[in-house]
Amino acid sequence: MGILETRWEADYEGHKVTVFRNEVTKGFNLEWDGSEIARRSWSWIGLGKLEGTAEHNGEPVEVQVAIEWGGLRQLDGTCTLSVGGKEIVATRIR
């Protein structure tokens, strides 16, 4: 776990998708190309789902993130991202 935050990043057809989780408040937010599209200010032990809408090729697209318990081997949890219903790989940065 990061000291103050955990961060995951993914690329989707030229767009950067970032998930930040605050380790103090256990809230998390979702960014698309550096702009916040969704935020959750608090969640029990930093787990849950979040949805936002972004623009891709001039059209709105649904972006979803789920942070789930990763077991004892992945104490930061797992981060699953999907854009327009298509799952994309997120990499834990810190």
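Quick note on the chain: its Rg to Rh ratio, both from C-alpha atoms and Rh being the Kirkwood radius, is 0.95. Under 13 Å Cα-Cα from K86, which aspartates and glutamates qualify once same-chain neighbours fewer than 8 residues away are excluded? Of all the aspartates and glutamates, those that pass the test against K86 - Cα under 13 Å, at least 8 places apart if same chain - are D11, E13, E62. Short to long, the 5 Å bins of the Cα pair-distance histogram for segment 1-42 hold 6, 25, 29, 21, 13, 5, 1 percent of all pairs. Taking Cβ atoms as reference points and 13 Å as the exclusive limit, the residues near W42 contribute a net charge of +3, counting Lys and Arg as +1 and Asp and Glu as -1.
Each reported figure results from applying straightforward, stated rules to the coordinates on display, with no laboratory input. If you're wondering where the values come from, they're calculated on a predicted model, not measured in any experiment. Here Cβ is always computed from backbone atoms with ideal geometry, including for glycine, and neighbour counts include all displayed protein chains.
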